[in-house]
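What follows is a single structure, written as structure tokens, with notes after it.
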Amino acid sequence: MFQGFVNPALLAGMALVSVPVLIHLLNRQRHKPVRWAAMQFVLAAHKKTRRRVQLENLLLLLLRMAAVALLALAISRPFVGGSSPLATLTETRRDVVLILDGSASTGWTDQTESLFERIRGRALGIVDELDGAAGDRVHVIHAGATPRLVSWPTPDKARTVIGTLAPTDERLDLAAALGEALRIIEEDAAGTGSSEIELRFLSDLQQDAFLDPAQAILRPALGEQLTRLKDLQVDVLVEDLGPASPNPANLAIQDVVIASDNATVGEPLDLVVRVAAFGDAEHPALRVGLTLDGNRLPSQRIDVPKGGTAEALFRVVIDQPGAHTVDAEIEGDRLAIDDHRASVIVLPPPVRVLVVNGERADALEDDAAGYLVLSLEAPDENGTSTPFQITEVSPAELAGGDVDLFDHDVVWLVAAPPLSEAVVADLERAVGGGQALIVTCGNSMGDPSLFDDRLYRSDGTGLLPAELTHVVTAARRDSYYRVATFDEQHPILSFFSTTRNKGMLSKIPVHAFVHARPLERARVLATLDDENDSPLLIESDYDQGRVYLWTTSIGESWTPLPRIAPAMIPLVLEWTRHAARARASQRDLAPGSAVGLEADEFPRSPELVGPAGGRTPLDAEPTETVRGTFRLPEITGDATLRAGLYRVVTENGPELPFAIQLDARESDLGRIPSHEMESLHPALKVLAPDASGNVADGNDGSQGELWRTLAMLALLALVCESLWGAWIGQRRRVIA
């Protein structure tokens, strides 16, 4: 009769049918027959009506049992197939979760409509099939980098909201969207282990949303969510609303960068616009335009091969340090959002370096910081001076209070002796405010544990990223240690990552070093080949700044590194540049990023100007930093959802620009074929259009629940039982 039950465990309530029978039997046992003379006349009359009374009682008992049985069946929620004779009595309410792919790729235009317009139209078609009066519900999730539950739960509300939706400028995080749907489905399951919610995903099936490009397998986070849905007996019904081509043609600006890391104010530099072609078409003589600080430069022509990239170079001279806006563009195609790309390039002023030389000497080889200063002052391969302003002081001058640490970006402590509490406190304020501290060891620092006493704290609140214990010296005069491992990806050491340059660092002898025990939060960037794999270079964040520890000397006292210019100069230059950059705010960000900016002067009436020109006041009060700059109120992610150029303008200072950039992966429109989708995971079910172009709604009505009909029958049985019982009682009182 029934095809199954949604809550089969609740069928145990059918056992309560025996309760009316037990009550009837117990009531019969209360009467003890007693014979008396006049009873014979009563028995004669009773025999005439006995059968009728038994039938009346039996009907009353059956009505009570039916009410209990029907109620137990109703709460167990039985369902039947479409061919069942009970199909006309089934409950047809639908509960739907709609996930709309709102990623930037759905802005691709096919003939007269965009993919998102197609997705939105299909979503409205599904909602139109629902009947709010019959109890149908729909939850609409607009999916991008962050899923947004935009409508819940009536079809009328969903219909209104869907019509206002547009594609985002974000990359799709399908795992996060399914996680939001899973939250709704788990609430519906309510511990029963299954849900009847219908989960729909309308998408262009961009391959990157499903597969890990490195391994060409289903993304692990996505697979985990799909497995949890399958455990609740819920499938993801996928509709392919993308273009007909499995790999649609698309041109995109992937990046706008400065060709050199050593760009200098007033010197020629190359701005590189990298363009990628997706699909099977070639693009000869593509015009690339570039606007720098609002001034349009002469356009360039490049040939972009199919499936490849090409670069357009724009040589410019920038006379002022600071942030500069760049806007690149190419000829428009069907996906307009990646035909423009805004960027903010920052040309910093000369890095102000304070060198605290703990071992000054007239002879260069005896001077602890002599080679360091020479390396910072050395011109680059083009003869251009490196952008550093160097101030050299002794530890005594630093302790005298005449040196303002906040006037410098990077502080080098070179073989410095133990510092006073006042100097340490000043260093903590300066580094905590965003400056960089580099500590190198050497003979003049004396007992490392004494130096360690004021700079290291085991709870991590001190400046040093490691505890210094003792000096380790090679056993023999002619023996030494070497670099065993180093982080080849780190900016300080990436120069040495090539086969040609690796030996410049790994073969340098180290005759002595300080044994250090790094904090858990510290990052060891290089180690030595001693028996303990002792750290050589350690990095750690300290509030808004950064601290580096070099456990050997930067002078000649413990290593000949300073005399090896091909290694010493790139190490020192890249180290100092990276340390100075650590405090620079990021100006190229992803959609929805929170943005923090600083102004040199107190900003009066700051306003955020978006890509479309709209202005939004930043109402919160700016706060002054320890460096004397002013931190503006944080710009929240809701204000930075659209790609393009943003500016913070004030009444009394220069503009502070930043750029929101499209994820470059959104430009690759390569798709997963519908017929391959179901092989990725058992929870994925593709709804394909039929011969007329219509898509099955995923709910064919082949199963329907009877709980509402059974509940009405249970109520009817209770009413009949009450009326029948009242009629019997009234009739018997009249006869008596």
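Of everything in the range 657-683, what is farther than 21 Å from T168 by Cβ and touching a Gly at 6+ places or on another chain (Cβ under 7 Å)? Give them in sequence order.
H681
Could you grab me the full set of residues in the range 157-172 that are hydroxyl-bearing (S, T, Y) and either in a loop (DSSP other than H, G, I, E, B) or not assigned by TED's automatic domain parsing to the domain that holds G242 (or both)?
T164, T168
Looking only at residues that are more than 24 Å from N57 (Cα to Cα), of a type in the set (D, E, K, R) and at pLDDT below 70 in the range 686-736, which one is farthest from the chain's Cα centre (by Cα)?
E705
I'd like to know if the range 448-466 contains one or more residues that are in contact with a Pro (Cβ under 8 Å, 6 or more places away or on another chain), acidic (D, E), touching a residue at least 12 places away in the same chain (Cβ under 8 Å) and closer than 24 Å to P535 by Cβ.
Scanning the range 448-466 turns up at least one residue that is in contact with a Pro (Cβ under 8 Å, 6 or more places away or on another chain), acidic (D, E), touching a residue at least 12 places away in the same chain (Cβ under 8 Å) and closer than 24 Å to P535 by Cβ.
Do the conditions hold for T616, that is, is it surrounded by fewer than 16 Cβ atoms within 10 Å (Cβ to Cβ), of a type in the set (V, I, T) and out of contact with any helix residue (DSSP H, G or I) (no Cβ under 7 Å at 6 or more places or on another chain)?
Answer is no for this residue.
Given the criteria in a helix (DSSP H, G or I) and surrounded by fewer than 14 Cβ atoms within 10 Å (Cβ to Cβ), does P562 qualify?
no
Which residues, counting only those in the range 311-344, are of a type in the set (S, T, N, Q) and in a strand (DSSP E or B)?
Matches in the range 311-344: T325, S343.
Which members of the range 107-142 meet the condition of being in contact (Cβ under 8 Å) with a residue 60 or more places away in the chain and either closer than 20 Å to I185 by Cα or in a helix (DSSP H, G or I) (or both)?
Scanning the range 107-142 gives G107, L115, R118, I119, R122, A123, I126.
Find the residue count for the range 143-156, including only residues that are farther than 25 Å from D173 by Cα and either assigned to a loop (DSSP other than H, G, I, E, B) or touching a strand residue (DSSP E or B) at 6+ places or on another chain (Cβ under 8 Å) (or both).
2
Test G434 against the criterion of being in contact (Cβ under 8 Å) with a residue 24 or more places away in the chain, in a loop (DSSP other than H, G, I, E, B) and within 36 Å of the chain's Cα centre (by Cα), and give yes or no.
The answer is yes for G434.
Does the range 561-568 contain any residue that is more than 30 Å from S479 (Cβ to Cβ) and in contact with a helix residue (DSSP H, G or I) (Cβ under 8 Å, 6 or more places away or on another chain)?
No; the residues of the range 561-568 include none that is more than 30 Å from S479 (Cβ to Cβ) and in contact with a helix residue (DSSP H, G or I) (Cβ under 8 Å, 6 or more places away or on another chain).
Could you look through the range 401-411, keep only residues that are touching a residue at least 60 places away in the same chain (Cβ under 8 Å) and not acidic (D, E), and pick out the one that is surrounded by the fewest Cβ atoms within 10 Å (Cβ to Cβ)?
The extreme case among them is F406.
Return the total of residues in the range 651-682 being closer than 26 Å to V256 by Cβ, of a type outside the set (K, R) and touching a residue at least 24 places away in the same chain (Cβ under 8 Å).
16
Is it true that some residue in the range 185-192 is of a type in the set (G, A, S) and assigned to a helix (DSSP H, G or I)?
Looking through the range 185-192, at least one residue is of a type in the set (G, A, S) and assigned to a helix (DSSP H, G or I).
Does the range 387-428 hold any residues that are assigned to a helix (DSSP H, G or I) and within 30 Å of Q320 (Cβ to Cβ), and which are they?
L405, F406, D407
Say whether the condition of being at pLDDT below 90 and among the charged types (D, E, K, R) is met by at least one residue in the range 435-447.
Yes - at least one qualifying residue is present in the range 435-447.
From the residues in the range 196-215 that are over 20 Å from H675 (Cα atoms) and in contact (Cβ under 8 Å) with a residue 12 or more places away in the chain, which one is surrounded by the most Cβ atoms within 10 Å (Cβ to Cβ)?
Per the criteria, the residue is I197.
Listed here are the residues, each with its yes/no results for (1) in the same structural domain as D447 (by TED's automatic domain parsing); (2) closer than 18 Å to V353 by Cα.
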{"residue": "L561", "(1), (2)": "yes, no"}
{"residue": "A567", "(1), (2)": "yes, no"}
{"residue": "P570", "(1), (2)": "yes, yes"}
{"residue": "T576", "(1), (2)": "yes, yes"}
{"residue": "A594", "(1), (2)": "no, no"}
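Taking the conditions exactly as written (aliphatic (A, V, I, L, M), over 19 Å from F513 (Cα atoms) and exposed (fewer than 15 other Cβ atoms within 10 Å of the Cβ)), does A422 satisfy them or not?
Taking the combined requirement at face value, the residue satisfies it.
The values are calculated or read from the model by the stated rules, or taken from the named source; none is laboratory data. This one's a predicted model, so the numbers in the text were calculated from it and none came from an experiment. Cβ sites come from the backbone with ideal geometry, for glycine too, and all protein chains shown count toward neighbours.
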